[in-house]
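See below for the structure under consideration.
The values are calculated or read from the model by the stated rules, or taken from the named source; none is laboratory data. Remember, predicted model here, so these are calculated numbers, not experimental data. Positions of Cβ are generated from backbone atoms using ideal geometry, with glycine treated the same way; all protein chains shown enter the neighbour counts.
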Amino acid sequence: MILDSYALHSIIVQIQYTDAFLIWDRAGRIARDVAKIWPSIKFVDGQPNQQTLSGKDVQIQTALKQATITLRGAKALDQNRVRQITETFELWRDALELLQITRVSARSVYIRKFDSLKAANVALRALNVVSWPTERVFDQSMDAGQNGLEVHFRFEDAVSFTSVRLKAEELRLEVELDADFFDQPIKESRCRAVIDFDRGILGTIDASKFRMDDWLKGYVHVLRRDLDKVIGSKK
């Protein structure tokens with residue numbers, strides 16, 4: 001399976017709802033209880049319509065119309081994280097007295113590291129998800145490292161959507177530091193292939209009946225069951 005050669009980089013879980021005006025009255029209580037579920041996080045910012053708590057590899061935002069959990073790292077969807085996500089959802093549901101949810105979604109990013117951008121692009125082109133030209137086109141070199149693809153698949157009906165994006169990218173970091181301590185600026189680059197998977201429920205959802213833990217398990221199951229059908233290598 002293609003996903004077995006990739007590592008989970010991050011996931012964003014989001015719920016949307018109609019205006020939850022109780023956030024103005026219960027912001028402190030919500031922040032306190034979120035911190036109990038995620039012991040490592042600290043208060044970062046608070047505004048009338050939104051509060052943010054953040055820590056190592058986690059950020060929680062509670063707002064008037066939506067709430068999000070952002071997690072980073074290979075264990076972002078392990079059993080313990082799923083439990084914490086579920087408890088946080090239940091906290092939002094009860095504290096904000098949510099009766100209906102208008103959307104639930106999760107966007108996960110999986111990456112595979114390569115020594116060069118060219119190697120990442122070659123690996124993605126080898127999947128044959130598009131018809132790549134076999135001769136020189138647009139007066140460009142055939143073996144340039146930047147030759148690559150960005151593919152976006154979208155599947156949607158009245159009740160749900162799924163989006164799959166595929167690309168290669170090079171991330172560059174350059175930092176100018178105090179010359180008294182560093183002779184040269186710090187420069188670093190990382191090359192990787194990216195699978196970006198976004199799936200969600202559309203329409204009105206009864207908040208009291210929605211099970212976040214079950215939905216996340218189904219999310220992972222569908223991803224692993226069907227991803228190769230979409231971007232698996234085609235001979």
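Taking segment 1-11 as the range and being surrounded by fewer than 16 Cβ atoms within 10 Å (Cβ to Cβ) and either modelled with pLDDT under 90 or in contact with a Ser or Thr (Cβ under 6 Å, 6 or more places away or on another chain) (or both) as the test, only Met1 passes.
Applying a threshold of 7 Å to beta carbon distances and a minimum spacing of six or more residues, or different chains, the list of pairs starting in segment 102-131 at a residue that is within 29 Å of Leu71 (Cα to Cα) and among the small types (Gly, Ala, Ser) and ending at one that is surrounded by fewer than 18 Cβ atoms within 10 Å (Cβ to Cβ) and modelled with pLDDT under 90 reads Ser116/Gly145.
Against the list (1) within 26 Å of Asp198 (Cα to Cα); (2) surrounded by 11 or more Cβ atoms within 10 Å (Cβ to Cβ); (3) in contact with a strand residue (DSSP E or B) (Cβ under 8 Å, 6 or more places away or on another chain), the condition Ser116 fails is (1). For segment 104-142, the tally of residues that are under 13 Å from Lys167 (Cβ atoms) and either in contact with a helix residue (DSSP H, G or I) (Cβ under 7 Å, 6 or more places away or on another chain) or part of a loop (DSSP other than H, G, I, E, B) (or both) stands at 6.
Residue pairs whose Cβ atoms lie under 7 Å apart, sitting 6 or more positions apart in sequence or on different chains, and linking a residue in segment 160-174 that is without any contact (Cβ under 8 Å) to a residue 24 or more places away in the chain to a partner that is of a type outside the set (D, E, K, R) and not in a strand (DSSP E or B), are Glu174/Pro185.
Yes or no: Arg81 under 30 Å from Val230 (Cβ atoms), among the charged types (D, E, K, R) and surrounded by fewer than 18 Cβ atoms within 10 Å (Cβ to Cβ)? So Arg81 fails the test.
Among the residues of segment 94-112, the one identified as under 15 Å from Lys75 (Cα atoms) and in contact with a Ser or Thr (Cβ under 6 Å, 6 or more places away or on another chain) is Val109.
Filtering segment 45-64 to residues that are surrounded by fewer than 16 Cβ atoms within 10 Å (Cβ to Cβ) and over 21 Å from the mean Cα position of the chain (by Cα) leaves Asp45, Gly46, Gln47, Pro48, Asn49.
Looking at segment 12-39 only, could you name the residues that are part of a loop (DSSP other than H, G, I, E, B) and buried (at least 16 other Cβ atoms within 10 Å of the Cβ)? Give the derivation first.
The initial filter retains those residues of segment 12-39 that are part of a loop (DSSP other than H, G, I, E, B), namely 17-22, 38-39.
Those that are part of a loop (DSSP other than H, G, I, E, B) and buried (at least 16 other Cβ atoms within 10 Å of the Cβ): Tyr17, Ala20, Trp38.
For the criterion of being at pLDDT 95 or above, touching a Lys or Arg at 6+ places or on another chain (Cβ under 9 Å), surrounded by 12 or more Cβ atoms within 10 Å (Cβ to Cβ) and not basic (Lys, Arg), Leu96 passes. Considering only segment 1-25, state which residues are under 20 Å from Arg199 (Cα atoms), out of contact with any strand residue (DSSP E or B) (no Cβ under 9 Å at 6 or more places or on another chain) and touching a residue at least 24 places away in the same chain (Cβ under 8 Å). Once the filter is applied, which keeps residues that are under 20 Å from Arg199 (Cα atoms), out of contact with any strand residue (DSSP E or B) (no Cβ under 9 Å at 6 or more places or on another chain) and touching a residue at least 24 places away in the same chain (Cβ under 8 Å), segment 1-25 yields only Met1.
Looking at segment 143-167 only, could you name the residues that are at pLDDT 80 or above, not acidic (Asp, Glu) and not in a strand (DSSP E or B)?
Applying the first criterion (at pLDDT 80 or above) to segment 143-167 yields 143, 146-167.
Imposing the further condition that a residue be not acidic (Asp, Glu) reduces the set to 146-149, 151-155, 158-167.
Answer for segment 143-167, where residues must be at pLDDT 80 or above, not acidic (Asp, Glu) and not in a strand (DSSP E or B): Gln146, Asn147, Gly148, Leu149, Ala158, Val159.
Do we find that Asp198 is modelled with pLDDT of 95 or more and acidic (Asp, Glu) in this structure?
Details: modelled with pLDDT of 95 or more: yes; acidic (Asp, Glu): yes.
Considered against the rule, which asks whether it is modelled with pLDDT of 95 or more and acidic (Asp, Glu), Asp198 comes out as yes.
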